[in-house]
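Visitor: Pasting in a structure now, in structure tokens, and then I'll have a few things to ask.
The values are calculated or read from the model by the stated rules, or taken from the named source; none is laboratory data. Owing to the predicted nature of the structure, the values given are computational and were not obtained by experimental measurement. With ideal geometry, Cβ positions are generated from the backbone for all residues, glycine too; neighbour counts draw on all protein chains shown.
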Amino acid sequence: MSSSNTGPFLRPETPGVEVTRDVEIVARDGVRLSVDIYHPADWAQTNYPALLAVSGYQKALAGLPVTASFPFRETGPIEWYVRRGYVYVLADARGTGHSGGEWDFLGPEEQTDLYDMIEWIAAQSWCTGKVGMIGQSYFGMIQWLAALQKPPHLTCIAPYDALVDNYRDNVFHGGIPCTFAASWDLVLRANHVWGPDSDRGLRFRTSPLEAMLRHPTDDDFWRARAAYPRLGEIDIPVLSVGNWGKNSLHTRGNVVGYEQVRGVRRLRMEAGARPPSLNVAKALLDFDSVEFHEEILAPWYDYWLRGVDNGVLDTAPVSVHVSGADEHQEFEQWPPAAARDRSLYLAAGTGSPAYSLNDGALVPVASETGSTSYSYPDPGWHLGTATVTSLGVPNPVARILTFSTPPLPEDVTSIGAGRLEIYLSSDQLDTNVIVRVCDESSRPQDLHPELATPFTIVSRGWLRASHRALDPVRSTEERPYHTHSDPRPLEPGRVYRLDVELMPMAHLFKAGHRIRLDIANGDSPVTEAIFAHYYAPQAGTDTIHHDHEHQSRLVLPVLGDTDD
């Protein structure tokens, strides 16, 4: 045990809060795990419940400011919790920071380490024996894995911004490689090579980029690191808190996690950012806000860990921010019982005005005939699938396919999980389907003709056509679940039905707006920011069929609605 400072990024001193650094916990295989313990000054005279935060981001960086420049600063307000009556334990995952061993991308040893840490903490004289977990993103998704270890003294978790399946939620969306894996890899590696623990060297057995390249299907590597298949085994209290703006990474995990755990549970979904490029920063800043913790997370911990009778279980089980309406709504279940499927069928459009390749339509009744084709890569694509206009401003819609409703005659509230059933043929052996569901507002009369009509992205979906096989056990009517284990090439010219899972949503489409579906075989950082997708070497033509025998349709969960 050492109280010496480690690195230049120490947190500011706070009255009544002390830090004992580099305490060692010996894992079951003998690897020494390093933790910093933030605690009240009088912890030798009394005992406290503990909050455990674990990541691969190095506790030596915990003093960096919380800013978009450092998206890994996801601990929340440490000293605030200590002053509230907790001991906060900040741990380096094995193979990172000051901990021994090798980092293996959330591998089995890292998971059992969580059990060992929790039980070590509970056994300390300063601990009441009650341990919760705290943190965002890595700190959050690891909470699902900890709960699956079933350490006896893990009392509750509150995963914020927390995926449950690295293959589907993070590295491969619908089987399509997401470039975020490479940027995440760079952050992990570079901070270790050039950060305050650089003298310890790089000790990664498997990094995100290596895992993506070596494991393109959902094989044993990914299954060993996924909480999703076993979420039903979690029976401790769970507060799952997500952010609609992170639907290219964590949103699905927070919703699915809530759906499948079996203990006392609550779901809270927070607003995304406007503009969407700030979503990562907004989620980070929200989590560092004392007001956020005071309202949402601290009451959960206080009830389960400190025994405070604060009525936290008297609230509705589900509270979600509904964008468009810009308000929170509460429900007794997810998805809401009042949500019903509404089908919007893809159809040919008028072709005028030409604000996309096709200006297709979404209609309530399937067309008798019709198909829409496009070739790729389009020569007008400059930033991924976005064009750069003569104004120097990107347009992400001009050279892709769109299908839109007429202006809505009344408000439409969609809350739940949507899906796209699309009939597609290609002259290639494989292709990607990347879609966005958008809320398109009225087009300003003075808007330059090269610019896209203002829109908000409500949901996304992805599917590589060769990964079209569904798991008949895990698929439901609302959510297709693909195996991603045995890719099958396409037969050029043959029509295939593809079922595309759409990310959960909660949005009010206002009267006068349009519901728009965007489709291409690629995307752009203009709309996806750091979550765009790798565009593999490909050149060809795809055709979407929308006729009587091939009823391609967008299905949205609409409150108070009925399907056709």
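Visitor: Among the residues of the range 244-261, are any at pLDDT 95 or above, touching an Asp or Glu at 6+ places or on another chain (Cβ under 8 Å), over 14 Å from residue 334 (Cα atoms) and assigned to a helix (DSSP H, G or I)?
Guide: Yes, there is a match, as at least one residue in the range 244-261 is at pLDDT 95 or above, touching an Asp or Glu at 6+ places or on another chain (Cβ under 8 Å), over 14 Å from residue 334 (Cα atoms) and assigned to a helix (DSSP H, G or I).
Visitor: Same structure again: In the range 207-222, which residue that is surrounded by fewer than 14 Cβ atoms within 10 Å (Cβ to Cβ) and not acidic (Asp, Glu) is farthest from the chain's Cα centre (by Cα)? Before the answer, list the steps.
Guide: Of the residues in the range 207-222, the ones surrounded by fewer than 14 Cβ atoms within 10 Å (Cβ to Cβ) are 213-214, 219-220.
Add one more test, that the residue is not acidic (Asp, Glu), and what stays is 213-214.
Numbers: 213: 21, 214: 23 Å.
Going through the qualifying residues, I end up with 214.
Visitor: Still on this model: Pick from 240, 207: which is of a type in the set (S, T, N, Q) and either modelled with pLDDT under 95 or in the same structural domain as residue 536 (by TED's automatic domain parsing) (or both)?
Guide: 207
Visitor: Right, something else. Which of (1) in a loop (DSSP other than H, G, I, E, B); (2) buried (at least 18 other Cβ atoms within 10 Å of the Cβ) is the odd one out, the single condition residue 391 does not satisfy?
Guide: (2)
Visitor: Going through the range 280-335 one residue at a time, which ones are basic (Lys, Arg) and out of contact with any Pro (no Cβ under 8 Å at 6 or more places or on another chain)? Explain how you work it out, then say what you get.
Guide: Here is the first cut: in the range 280-335, the ones basic (Lys, Arg) are 282, 306.
Across the range 280-335, the qualifying residue is only 282.
Visitor: Please state which one of 402, 413, 372 is over 22 Å from residue 545 (Cβ atoms) and either outside any loop (DSSP other than H, G, I, E, B) or touching a Ser or Thr at 6+ places or on another chain (Cβ under 6 Å) (or both).
Guide: Working: 402 fails: over 22 Å from residue 545 (Cβ atoms); 372 fails: over 22 Å from residue 545 (Cβ atoms).
Only one candidate passes the filter, namely 413.
Visitor: Something else about it: Report yes if some residue within the range 420-433 is buried (at least 21 other Cβ atoms within 10 Å of the Cβ), modelled with pLDDT under 95 and part of a loop (DSSP other than H, G, I, E, B); otherwise report no.
Guide: Taking the range 420-433 first, the residues buried (at least 21 other Cβ atoms within 10 Å of the Cβ) are 420, 422, 424-426, 431-433.
From what's left, modelled with pLDDT under 95: none.
No; the residues of the range 420-433 include none that is buried (at least 21 other Cβ atoms within 10 Å of the Cβ), modelled with pLDDT under 95 and part of a loop (DSSP other than H, G, I, E, B).
Visitor: Given (1) in a strand (DSSP E or B); (2) within 26 Å of the chain's Cα centre (by Cα); (3) within 19 Å of residue 349 (Cβ to Cβ), where does residue 397 come up short, assuming only one miss?
Guide: Of (1) in a strand (DSSP E or B); (2) within 26 Å of the chain's Cα centre (by Cα); (3) within 19 Å of residue 349 (Cβ to Cβ), only one is false for residue 397: (1).
Visitor: Only residues that are under 21 Å from residue 374 (Cβ atoms) and charged (D, E, K, R): list them for the range 433-457, please.
Guide: Answer for the range 433-457, where residues must be under 21 Å from residue 374 (Cβ atoms) and charged (D, E, K, R): 436, 440, 450.
Visitor: Additional query: I'd like to verify a number: residues in the range 23-56 that are among the charged types (D, E, K, R) and either crowded, with 20+ Cβ neighbours inside 10 Å or not assigned by TED's automatic domain parsing to the domain that holds residue 75 (or both), how many? Lay out the reasoning, then the answer.
Guide: As a first pass, look at the range 23-56 and keep what is among the charged types (D, E, K, R): 24, 28-29, 32, 36, 42.
Cutting the leftovers down to either crowded, with 20+ Cβ neighbours inside 10 Å or not assigned by TED's automatic domain parsing to the domain that holds residue 75 (or both) gives us 36.
Result for the range 23-56: 1.
Visitor: Here's another thing I want to ask about it. Would a scan of the range 112-119 turn up a residue that is touching a residue at least 24 places away in the same chain (Cβ under 8 Å), more than 13 Å from residue 28 (Cα to Cα) and more than 24 Å from the chain's Cα centre (by Cα)?
Guide: Applying the first criterion (touching a residue at least 24 places away in the same chain (Cβ under 8 Å)) to the range 112-119 yields 112-119.
This time we only want the ones that are more than 13 Å from residue 28 (Cα to Cα), so: none.
Among the residues of the range 112-119, not one is touching a residue at least 24 places away in the same chain (Cβ under 8 Å), more than 13 Å from residue 28 (Cα to Cα) and more than 24 Å from the chain's Cα centre (by Cα), which makes the answer no.
Visitor: Taking the residues in the range 13-45 that are farther than 20 Å from residue 60 by Cα and of a type in the set (A, V, I, L, M, F, W, C) as candidates, determine which candidate is farthest from the chain's Cα centre (by Cα).
Guide: 44
Visitor: Any chance you could count how many residues in the range 162-200 are charged (D, E, K, R) and closer than 18 Å to residue 225 by Cβ?
Guide: Narrowing the range 162-200 to residues charged (D, E, K, R): 165, 168-169, 185, 189, 197, 199-200.
Next cut, closer than 18 Å to residue 225 by Cβ only: 165, 168-169, 185.
The number of residues fulfilling the criteria is 4.
Visitor: Is at least one residue of the range 1-24 out of contact with any Asp or Glu (no Cβ under 8 Å at 6 or more places or on another chain), touching a residue at least 40 places away in the same chain (Cβ under 8 Å), over 26 Å from residue 282 (Cβ atoms) and part of a strand (DSSP E or B)?
Guide: No, the conditions are met nowhere in the range 1-24.
Visitor: Still on this structure, I have one more. Can you find a residue that is within 25 Å of residue 250 (Cβ to Cβ) and touching a helix residue (DSSP H, G or I) at 6+ places or on another chain (Cβ under 8 Å) anywhere in the range 505-522?
Guide: yes
Visitor: Additional query: So which of 418, 392 ends up being out of contact with any helix residue (DSSP H, G or I) (no Cβ under 8 Å at 6 or more places or on another chain), free of Cβ contacts under 8 Å to residues at least 40 places away in the same chain and of a type in the set (Gly, Ala, Ser)? Break it down into steps so the answer makes sense when it comes.
Guide: Numbers: 418 fails: free of Cβ contacts under 8 Å to residues at least 40 places away in the same chain.
Being out of contact with any helix residue (DSSP H, G or I) (no Cβ under 8 Å at 6 or more places or on another chain), free of Cβ contacts under 8 Å to residues at least 40 places away in the same chain and of a type in the set (Gly, Ala, Ser) holds for just one of 418, 392, which is 392.
Visitor: Of everything in the range 54-93, what is within 26 Å of residue 210 (Cα to Cα) and either more than 24 Å from the chain's Cα centre (by Cα) or not in a loop (DSSP other than H, G, I, E, B) (or both)? Give them in sequence order. Let's see the steps before the verdict.
Guide: Within the range 54-93, the first condition is being within 26 Å of residue 210 (Cα to Cα), and the residues that meet it are 54-61, 68-74, 91-93.
54, 55, 59, 60, 61, 91, 92 - these are the residues of the range 54-93 that are within 26 Å of residue 210 (Cα to Cα) and either more than 24 Å from the chain's Cα centre (by Cα) or not in a loop (DSSP other than H, G, I, E, B) (or both).
Visitor: Another question, then. How about the range 27-53: which of its residues are of a type in the set (Val, Ile, Thr) and either in a loop (DSSP other than H, G, I, E, B) or in contact with an Asp or Glu (Cβ under 8 Å, 6 or more places away or on another chain) (or both)? Reasoning before the result, please.
Guide: To start, the set of residues in the range 27-53 that are of a type in the set (Val, Ile, Thr) comprises 31, 35, 37, 46.
Selection gives 31, 35, 46.
Visitor: Under the condition of being out of contact with any strand residue (DSSP E or B) (no Cβ under 6 Å at 6 or more places or on another chain) and either small (Gly, Ala, Ser) or assigned to a strand (DSSP E or B) (or both), which residue from the range 289-329 is surrounded by the fewest Cβ atoms within 10 Å (Cβ to Cβ)?
Guide: 311
Visitor: Now a separate question. Within the range 437-478, track down each residue that is among the basic types (Lys, Arg) and within 21 Å of residue 358 (Cα to Cα).
Guide: If we filter the range 437-478 for residues that are among the basic types (Lys, Arg), which is where we start, we get 443, 460, 464, 468, 474.
Across the range 437-478, the qualifying residues are 443, 460.
Visitor: Go through the range 440-498 and give me each residue that's closer than 19 Å to residue 362 by Cβ and hydroxyl-bearing (Ser, Thr, Tyr).
Guide: Correct list: 441, 442, 453, 456, 459.
Visitor: With the condition kept exactly as written, say whether any residue in the range 530-541 is among the β-branched types (Val, Ile, Thr) and within 20 Å of residue 498 (Cβ to Cβ). Break it down into steps so the answer makes sense when it comes.
Guide: Our first condition is that a residue be among the β-branched types (Val, Ile, Thr); within the range 530-541, this holds for 530, 541.
Next cut, within 20 Å of residue 498 (Cβ to Cβ) only: 541.
Within the range 530-541, one or more residues are among the β-branched types (Val, Ile, Thr) and within 20 Å of residue 498 (Cβ to Cβ).
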